[in-house]
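Chemist: Below you will find the structure I want to go over with you.
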């Protein structure tokens with residue numbers, strides 16, 4: 001991002017991280033935001049929201065550390081892992097995942113694009129908590145998904161796969177183009 005923080009990029013005048021937290025709240029979910037220790041603007045973006053915040057002290061070592069910190073902060077329930085750099089995910093999408101999780105306890109649920117392409121968010125049932133707590137490195141939860149058969153939850157269009165990681169991604173998305 002050439003020094004910019006993608007999670008603070010404005011979308012409709014709102015930092016992307018705040019937008020993601022607001023979507024979770026609007027879906028009626030308890031929201032925990034995982035923050036790295038060196039990005040105070042991220043904490044400021046959600047400071048006035050009724051969300052829990054936890055610091056992933058080793059976030060720089062990879063997404064696995066951040067996921068483990070987030071799971072540790074939400075004991076006793078399934079978790080919807082919603083990566084905040086997916087700008088098209090809204091409250092209705094998170095509510096669809098919530099409802100599918102209630103109807104399918106014990107299953108991993110994975111949002112997909114309308115064409116079936118796997119994406120995010122992903123719901124991890126409580127049974128996988130011990131495995132998620134051991135995550136490290138930059139692979140995220142891919143290893144947890146191996147050997148499982150996630151139940152697909154189709155979302156409209158390409159919402160589940162529109163991931164903004166680079167200035168080019170942001171430019172294409174803002175211009176109305178497809179981003180994967």
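Chemist: Quick one: in segment 159-180, of everything that is in a loop (DSSP other than H, G, I, E, B) and out of contact with any helix residue (DSSP H, G or I) (no Cβ under 9 Å at 6 or more places or on another chain), which residue is surrounded by the fewest Cβ atoms within 10 Å (Cβ to Cβ)? First the steps, then the outcome.
Modeler: Within segment 159-180, the subset in a loop (DSSP other than H, G, I, E, B) is 162-166, 175-180.
Checking the rest, the ones that are also out of contact with any helix residue (DSSP H, G or I) (no Cβ under 9 Å at 6 or more places or on another chain) come to 175-176.
Values: 175: 8, 176: 6.
The selected residue is 176.
Chemist: Looking only at segment 26-40, which residues are touching a residue at least 12 places away in the same chain (Cβ under 8 Å) and within 22 Å of residue 68 (Cα to Cα)?
Modeler: Looking only at segment 26-40, we keep the residues that are touching a residue at least 12 places away in the same chain (Cβ under 8 Å), and these are 26-39.
Within segment 26-40, 29, 30, 31, 32, 33, 34, 35, 36, 37, 38, 39 meet the criteria.
Chemist: What do you reckon, is residue 116 outside any helix (DSSP H, G or I), farther than 16 Å from residue 70 by Cα, free of Cβ contacts under 8 Å to residues at least 40 places away in the same chain and out of contact with any helix residue (DSSP H, G or I) (no Cβ under 8 Å at 6 or more places or on another chain)?
Modeler: Working: outside any helix (DSSP H, G or I): yes; farther than 16 Å from residue 70 by Cα: yes; free of Cβ contacts under 8 Å to residues at least 40 places away in the same chain: yes; out of contact with any helix residue (DSSP H, G or I) (no Cβ under 8 Å at 6 or more places or on another chain): yes.
Answer is yes for this residue.
Chemist: Pairs, please: C-beta under 9 Å, at least 6 apart or cross-chain, first residue on the phi > 0 side of the Ramachandran plot and in segment 59-88, second part of a loop (DSSP other than H, G, I, E, B) and crowded, with 20+ Cβ neighbours inside 10 Å?
Modeler: 62/135
Chemist: Among (1) touching a strand residue (DSSP E or B) at 6+ places or on another chain (Cβ under 7 Å); (2) surrounded by 16 or more Cβ atoms within 10 Å (Cβ to Cβ); (3) at pLDDT 95 or above, there is one condition residue 86 misses while meeting the rest; what is its number?
Modeler: (3)
Chemist: Within segment 126-180, track down each residue that is in contact (Cβ under 8 Å) with a residue 24 or more places away in the chain and at positive phi.
Modeler: Correct list: 137, 140, 157.
Chemist: Taking residue 127 and the conditions (1) assigned to a loop (DSSP other than H, G, I, E, B); (2) modelled with pLDDT of 90 or more; (3) loosely packed, with under 15 Cβ neighbours inside 10 Å, which numbered condition does it fall short on, given that it satisfies the others?
Modeler: So the condition that residue 127 fails would be (1).
Chemist: A follow-up question, please. I'd like to check something: does segment 15-27 contain any residue that is closer than 20 Å to residue 135 by Cβ and touching a helix residue (DSSP H, G or I) at 6+ places or on another chain (Cβ under 6 Å)?
Modeler: The answer is no; no qualifying residue exists.
Chemist: Looking at (1) more than 15 Å from the chain's Cα centre (by Cα); (2) closer than 26 Å to residue 158 by Cα; (3) outside any loop (DSSP other than H, G, I, E, B), find the lone condition where residue 121 falls short.
Modeler: Every listed condition holds for residue 121 apart from (1).
Chemist: Can you find, within segment 6-25, the residue that is farthest from residue 70 (Cα to Cα) among those that are crowded, with 16+ Cβ neighbours inside 10 Å and more than 14 Å from the chain's Cα centre (by Cα)?
Modeler: Here the residue is 11.
Chemist: Do you know which residues across segment 132-158 are more than 20 Å from residue 99 (Cβ to Cβ), touching a helix residue (DSSP H, G or I) at 6+ places or on another chain (Cβ under 7 Å) and surrounded by 15 or more Cβ atoms within 10 Å (Cβ to Cβ)?
Modeler: Of everything in segment 132-158, those that are more than 20 Å from residue 99 (Cβ to Cβ), touching a helix residue (DSSP H, G or I) at 6+ places or on another chain (Cβ under 7 Å) and surrounded by 15 or more Cβ atoms within 10 Å (Cβ to Cβ) turn out to be 132, 135, 140, 141, 144.
Chemist: Which numbered condition trips up residue 78, out of (1) surrounded by 13 or more Cβ atoms within 10 Å (Cβ to Cβ); (2) within 17 Å of residue 19 (Cβ to Cβ)?
Modeler: (2)
The values are calculated or read from the model by the stated rules, or taken from the named source; none is laboratory data. Everything quoted here is computed from the prediction, not taken from an experiment. For neighbour counting, all protein chains shown are included, and Cβ atoms are generated from backbone atoms with ideal geometry for every residue, glycine included.
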